[in-house]
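Only one structure is covered here, and it is reproduced in the block below.
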Amino acid sequence: MSGFGSGKGEAEGYRYLVECNSVNRKGLEIVIVLPRGLTSLEPRVREEVQKKIYRGRIHVAITSEQTTSATKTGSILDPTVVKKALKELEHLQKSLHISAPITLETLLLVPGVLRNEALEEIDLEAAWKPIQKALKKALESHQLIRAREGKNLVADLEKHILLLSKITKKIQTRVPTLFVNRRNQLLARLAELSVPISPDDPSLLRELIFFSERSDINEEVIRLQSHLVQCRELLTKRGEARTLDYLAQEMFREFNTLANKANDAEISRWVVQSKSEIDKIREQLANLE
């Protein structure tokens with residue numbers, strides 16, 4: 001399921017914004033983006049997300065800014081590094097007999113000469129408290145959206161399951177007529193071939209008995225009814241998407257089997273409709289947590 005949520009937190013002169021958005025995946029994939037200086041907090045962020053999210057690809061973006069009242073000095077020169085770099089450059093200048101002067105621009109290009117005092121002074125423990133608070137808010141609002149989507153998915157699945165139940169009931173009520181229809185078909189066919197035969201002829205009765213045994217679909221109907229009851233029960237529980245998908249596969253197999261055994265045009269039509277509904281169910285289950 002997809003979802004979005006955001007939260008804010010502020011402390012120690014910093015304001016933090018956390019945004020969470022997710023898309024459907026079979027497993028759990030967490031992508032975290034943190035500001036410079038706070039990357040070591042990633043394991044804590046991941047742990048908080050795993051407490052709430054069990055499935056999907058979730059992207060967590062955390063940004064920070066200093067509040068106006070607490071803005072600190074930005075990038076500044078490191079005197080120790082500057083002096084060391086200057087000495088090394090002068091030594092290199094003499095050894096290579098270079099007459100060009102060493103400029104400030106050249107010194108600023110030396111790694112470590114400029115440092116960001118603000119980043120260096122970030123207290124990770126102090127920063128974690130507002131970040132954790134903002135993250136929890138973001139996850140809560142994210143989950144509310146996912147919950148609403150989940151309710152809509154469940155309602156849609158219930159409609160498909162109800163339709164399958166109605167079709168199964170239709171098939172069950174048609175079972176007694178299969179024998180009569182087969183008997184009438186045989187008599188009509190024999191009449192077309194001008195073969196006189198009594199409705200009580202032993203050969204006809206044997207054929208009808210054989211057909212009755214071969215086309216008995218009561219077991220498939222009973223299993224379908226049981227699967228549908230389980231589906232309705234599992235829809236009220238969390239984390240049962242895989243079990244529901246398994247039941248959908250089993251129902252597909254049962255419908256296919258009974259269609260082959262019944263050899264009836266009306267039942268075959270209902271089975272085609274049922275398979276279409278099962279495909280829709282499986283598509284929706286891929287989005288259900």
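A few remarks follow.
- Looking only at residues of segment 118-128 that are surrounded by 10 or more Cβ atoms within 10 Å (Cβ to Cβ) and part of a helix (DSSP H, G or I), we find that the one that is modelled with the highest pLDDT is TRP128.
- For VAL31, the conditions (1) farther than 17 Å from LYS129 by Cβ; (2) crowded, with 17+ Cβ neighbours inside 10 Å; (3) modelled with pLDDT of 90 or more are fulfilled apart from (2).
- Segment 218-245: number of residues that are in a helix (DSSP H, G or I), surrounded by 13 or more Cβ atoms within 10 Å (Cβ to Cβ) and under 17 Å from the mean Cα position of the chain (by Cα): 4
- For segment 1-39, a residue qualifies if it is more than 19 Å from SER141 (Cβ to Cβ) and of a type in the set (Val, Ile, Thr), and exactly one does: THR39.
- Selection of segment 264-284 for residues being of a type in the set (Ser, Thr, Tyr) and either touching a residue at least 12 places away in the same chain (Cβ under 8 Å) or not assigned by TED's automatic domain parsing to the domain that holds ASN218 (or both) yields only SER274.
- Residues of segment 58-92 that are modelled with pLDDT under 90 and under 27 Å from VAL23 (Cβ atoms): SER64 alone.
- Enumeration of residues in segment 15-53 that are in contact with a strand residue (DSSP E or B) (Cβ under 6 Å, 6 or more places away or on another chain) and closer than 25 Å to ARG242 by Cα: ASN21, SER22, VAL23, ASN24, ARG25, GLU29, ILE30, VAL31, ARG46, VAL49
- Residue in segment 96-117 that is surrounded by 15 or more Cβ atoms within 10 Å (Cβ to Cβ) and either closer than 17 Å to ILE131 by Cβ or at pLDDT 85 or above (or both) present: no
- Selected residue (criterion: farthest from GLU140 (Cα to Cα)) from residues of segment 40-59 that are more than 22 Å from the chain's Cα centre (by Cα) and not basic (Lys, Arg): SER40
- Options LYS133, LYS137: the member that is of a type outside the set (Gly, Ala, Ser), assigned to a helix (DSSP H, G or I) and more than 25 Å from the chain's Cα centre (by Cα): LYS133
- Any hit, segment 17-27, residues being outside any strand (DSSP E or B), free of Cβ contacts under 8 Å to residues at least 40 places away in the same chain and on the phi < 0 side of the Ramachandran plot: yes
The values are calculated or read from the model by the stated rules, or taken from the named source; none is laboratory data. Note that the structure is predicted; figures quoted are calculated from it, not measured. Every residue, glycine among them, receives a Cβ derived from its backbone with ideal geometry; neighbour counts consider all protein chains shown.
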